[in-house]
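S.K.: I have a structure I would like to understand better, so I am pasting it below and will then ask my questions one at a time.
The values are calculated or read from the model by the stated rules, or taken from the named source; none is laboratory data. These figures come from a predicted structure and were not determined experimentally. Quick reminder, even Gly has a Cβ in these numbers, built from the backbone with ideal geometry, and neighbours come from all protein chains shown.
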Amino acid sequence: MTRIPPRDQTVMRMHLIELRIRTYWDEHGTLPAKLDDLPPLEKRDNAITDGWGKPIQYAVTQPAEVTLTSLSDAAVRVRFHADDPNVSETTR
């Protein structure tokens, strides 16, 4: 079985979390208080930890702007607007 490098796994998980947050926004009109509040996606990796097993940091920086950050060996950050699917930025 091929092992996914931790950095790649982190980026993949962050984008799945982004999808889950956008779904939550569409259903509730607000952002979740914490990542544990997100509904799971069926048959997907619903982990809220990075590829090294550390919690992904979740911060609401503006009313609809979210920043997800991994503070592990290779810092990764995803920033997006929940109300605009065209705004998403990944920093590696």
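S.K.: Looking at segment 36-43, can you tell me whether even one residue there is of a type outside the set (F, W, Y) and within 20 Å of T90 (Cα to Cα)? Before the answer, list the steps.
M.R.: Looking only at segment 36-43, we keep the residues that are of a type outside the set (F, W, Y), and these are 36-43.
Pick out the ones that are also within 20 Å of T90 (Cα to Cα) and you get none.
No, the conditions are met nowhere in segment 36-43.
S.K.: Moving on. So, in segment 67-92, of the ones that are at pLDDT 85 or above and in contact with a helix residue (DSSP H, G or I) (Cβ under 6 Å, 6 or more places away or on another chain), which residue ends up farthest from D8 (Cα to Cα)?
M.R.: Among those that are at pLDDT 85 or above and in contact with a helix residue (DSSP H, G or I) (Cβ under 6 Å, 6 or more places away or on another chain), it is L68.
S.K.: Here's something else I'd like to know. Which count do you get for residues in segment 1-39 that are of a type in the set (S, T, Y) and at pLDDT below 90?
M.R.: Residues that pass the stated criteria total 1.
S.K.: Is there any pair with a first residue in segment 1-28 that is more than 17 Å from E65 (Cα to Cα) and a second that is among the polar types (S, T, N, Q) and part of a loop (DSSP other than H, G, I, E, B) whose Cβ atoms are under 8 Å apart and which are 6 or more apart or on different chains, and what are they?
M.R.: P6/S72; T10/S72
S.K.: Also, quick follow-up: Determine whether M1 is exposed (fewer than 12 other Cβ atoms within 10 Å of the Cβ) and either closer than 17 Å to E89 by Cβ or of a type outside the set (S, T, N, Q) (or both). Even if it seems obvious, please write down each step before you answer.
M.R.: Details: exposed (fewer than 12 other Cβ atoms within 10 Å of the Cβ): yes; either closer than 17 Å to E89 by Cβ or of a type outside the set (S, T, N, Q) (or both): yes.
In short, yes.
S.K.: When you scan segment 58-74, do you find a residue that is within 14 Å of the chain's Cα centre (by Cα) and under 19 Å from I4 (Cβ atoms), even just one?
M.R.: Scanning segment 58-74 turns up at least one residue that is within 14 Å of the chain's Cα centre (by Cα) and under 19 Å from I4 (Cβ atoms).
S.K.: Among the strands (runs of 3 or more DSSP E) confined wholly to segment 22-92, which include 1 or more residues that are crowded, with 16+ Cβ neighbours inside 10 Å?
M.R.: The qualifying strands (runs of 3 or more DSSP E) are 57-62, 65-70, 76-81.
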